[in-house]
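Working notes for the structure below.
The values are calculated or read from the model by the stated rules, or taken from the named source; none is laboratory data. From a predicted model like this one, the values you see are computed outputs, not experimental measurements. All Cβ positions, even for glycine, are placed from backbone atoms using ideal geometry, and neighbour counts span all protein chains on display.
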Amino acid sequence: MYIKRDYSEPFFGRRRKRGGSVRKIVVFSAFIAALLIFVQWQFDRLQLVALDIVGMAPTPTPFASEIATQGYQRWLAGDLTAAETLFAQAVAQQPNNPDYLYEYGRTMHERLLRDFGAQADFTPVIDLGDRLITAAPADPRGYAIKARALFYNGDAASAIPVGINGLEVNDQYAGIHAALAMSYVDIGRYQQGLNHGELAVELDPMDALARRSLAYVLIFLGRRQEAIDQLEQAVALLPNQVNAYFELAAQYLAPGVDLDTEGVATYERILALEPRNVRAMVRLCAAYIKVGLFDQARGYCEDALAIEPTYALAWQQLGELSFRRRNYEGAIEAYNQCRQFVGEADASGNFIQCWYVRGLAHYYLGNCEAAWTDLQDALRILTGNGDTTSSVVQSTRDGLSLVTQRCAAYSGQLLPTAPAPTVIPTPLGG
C-alpha cells in the first residue's frame, strides 16, 4: 500500500503549531504601531531629515552668540543697519544678556546719528540703557549708553547724574567719562568736561568714541587743531564708520582753519563708503558753495534730492546757491520747499535761512510786503528761541532796515527792539 508523505515536515519531532503565525501578526502589528508613534513624536525632526536629503531643508536658526558675532563683524565693516538688525535678533533670543544689549544700543545710537544727525530722536537708545541697567546694575555700560543718548537728545542736565551713578559702579570705564565730558561742556562747565574727556582717552586710547568726546570739548575751548588730531585718530580706529568722518570734515571746513581741500576729500571718502549717503552729499554741496564751485555744489544737492526729495537741508543749500548767484526767484522757490518740509516749529538753527534769506530775496526783487513778513517771522522765531545777538539776528534786522529805507509803504516803520539779554549765572564749578 502506497502512503503519501509530506516531505516539507520533519519525519521525526513535533509538528509546528499554527499559533506561531498569529504571534507574528501580533508582533508585526505592535512594531508598526510603535513605528507610527515614533514618527508622530519625531515628525518635525524626521521631516527636516527628509527635506535635507532632497536639499529642501530650511536653514537652522543660529545661536545668539553666532548672530552677535556676525553683528560685530558688520559693525567693524561700517554696515550699521545690518549690525543693528543682527544685534536685535541676538537680544530677542537673550533679552537680558548685557553684552548683546550694549552692542545693540551702541549700534543703534551710531546708526541714528549717521542717518539723522542732530535731528535724531535717541529715546529708543535711552530705553535700551535702562534695560541694560536693570539687567546688570553692576555693568557701567548701561549708564554710559543712557547718559550719552540723553546728551544727544539735548538733555545734558539729566545725563550728568546718570553718568555719576555709573562712576559709582566703575569709575575706570572710559565710556562714562566720555559721556560726562560732552554733558559738562553743554552746561558750561568746560574744565570738568576737559577733565573727563582727557581721562576717557587715558583709560582707553583705542576707544574712538572717547577721542570724539574729547574733540567735542576741545572745539568749545577753541583748541581746534587738537580736536582735529583727536578726530583723525578716531577715524583711524574705525575707518569704515562714517560718523567720525562727518565730525572731522566739519572741523576742516570751520572758519579760520583753511583746510577746505581736506574737508571736501573727507566727505568724498564718506561717499566712497556709502554712495547713497544724502547727508554727505548735502555737506559736499555746502563745501563747494563755500569754495565757490557752484556747479559741483548744485550737482551734489540735486543728487541728494533725487534720493530723498523731502530733505529740507538740501533745499536750503539750493536756496543759498541760487541766492549767491543772484537768482532770487530760484532761491525763493528752493526756500519754499525747505519751509514746506521743515515747518516753523523746527525753523531755528539749521533752517532759519529758509525764512530770513527768503525775505532778503523778496527784498531784492522788490516784493516789499513779502520781504517784511519773512524777515519779521525770522526775527520772531530767533528771539523766541533766545537768540538776540547772533550774526543771523543782525542780518535779519539789517534786512528790515533796508525795507523801511527803500520801500515807500514801510518808510518810517519802527523796527522791533531787541529784548534785554538774560544774565546767565555761572554754574557752580564752571
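Given the condition farther than 22 Å from A314 by Cα, in contact with a Phe, Trp or Tyr (Cβ under 6 Å, 6 or more places away or on another chain) and either at pLDDT below 95 or not aliphatic (A, V, I, L, M) (or both), answer yes or no: does some residue in the stretch 336-356 qualify? For the stretch 336-356, residues farther than 22 Å from A314 by Cα, in contact with a Phe, Trp or Tyr (Cβ under 6 Å, 6 or more places away or on another chain) and either at pLDDT below 95 or not aliphatic (A, V, I, L, M) (or both): absent.
For the stretch 72-88, a residue qualifies if it is touching a residue at least 24 places away in the same chain (Cβ under 8 Å) and either exposed (fewer than 15 other Cβ atoms within 10 Å of the Cβ) or over 16 Å from the mean Cα position of the chain (by Cα) (or both), and the qualifying residues are Y72, L76, A77, T81. Pairing residues of the stretch 179-190 that are closer than 13 Å to G154 by Cα with residues that are of a type in the set (D, E, K, R) and surrounded by 24 or more Cβ atoms within 10 Å (Cβ to Cβ), at Cβ distances under 7 Å and at least 6 apart in sequence or on separate chains, gives A179/R148.
Note on the stretch 265-285: residues that are out of contact with any Asp or Glu (no Cβ under 8 Å at 6 or more places or on another chain) and hydrophobic (A, V, I, L, M, F, W, C) amount to 7. Scanning the stretch 183-195 finds no residues that are within 19 Å of the chain's Cα centre (by Cα) and of a type in the set (A, V, I, L, M). Of all residues in the stretch 380-430, those that are aliphatic (A, V, I, L, M), surrounded by 12 or more Cβ atoms within 10 Å (Cβ to Cβ), within 23 Å of A370 (Cβ to Cβ) and modelled with pLDDT under 80 total 1. Contact map, the stretch 201-213: first residue farther than 17 Å from L248 by Cα, second residue assigned to a loop (DSSP other than H, G, I, E, B), Cβ cut-off under 9 Å, separation 6 or more or different chains; pairs are V201/D207; L203/Q172; L203/Y173; D204/Y173.
Report whether or not R106 is within 11 Å of the chain's Cα centre (by Cα) and either closer than 14 Å to A88 by Cβ or of a type in the set (D, E) (or both). Against the criterion (within 11 Å of the chain's Cα centre (by Cα) and either closer than 14 Å to A88 by Cβ or of a type in the set (D, E) (or both)), R106 qualifies. Give the stretch 109-124 a look and list any residue that's within 10 Å of the chain's Cα centre (by Cα), free of Cβ contacts under 8 Å to residues at least 60 places away in the same chain and under 11 Å from A149 (Cα atoms), or say none. Once the filter is applied, which keeps residues that are within 10 Å of the chain's Cα centre (by Cα), free of Cβ contacts under 8 Å to residues at least 60 places away in the same chain and under 11 Å from A149 (Cα atoms), the stretch 109-124 yields H109, L112, A120, D121, F122. Counting only helices (runs of 4 or more DSSP H) that sit completely within the stretch 281-359, those holding 1 or more residues that are in contact (Cβ under 8 Å) with a residue 40 or more places away in the chain and over 28 Å from D258 (Cβ atoms) correspond to 312-324.
Can you find a residue in the stretch 53-64 that is modelled with pLDDT under 95, over 30 Å from L271 (Cβ atoms) and touching a Phe, Trp or Tyr at 6+ places or on another chain (Cβ under 9 Å)? Looking through the stretch 53-64, at least one residue is modelled with pLDDT under 95, over 30 Å from L271 (Cβ atoms) and touching a Phe, Trp or Tyr at 6+ places or on another chain (Cβ under 9 Å). Can G343 be described as surrounded by 22 or more Cβ atoms within 10 Å (Cβ to Cβ), out of contact with any Leu (no Cβ under 9 Å at 6 or more places or on another chain) and within 30 Å of R276 (Cα to Cα)? So G343 does not fit the description; no. With the requirement that a residue be assigned to a helix (DSSP H, G or I) and of a type in the set (S, T, Y), what does the stretch 129-176 give you? T134, Y143, Y152, S158 - these are the residues of the stretch 129-176 that are assigned to a helix (DSSP H, G or I) and of a type in the set (S, T, Y). The C-beta contact set for the stretch 224-239 (first residue closer than 11 Å to R211 by Cα, second residue among the charged types (D, E, K, R) and surrounded by fewer than 23 Cβ atoms within 10 Å (Cβ to Cβ), distance under 7 angstrom, 6+ apart or interchain) comprises L231/E247.
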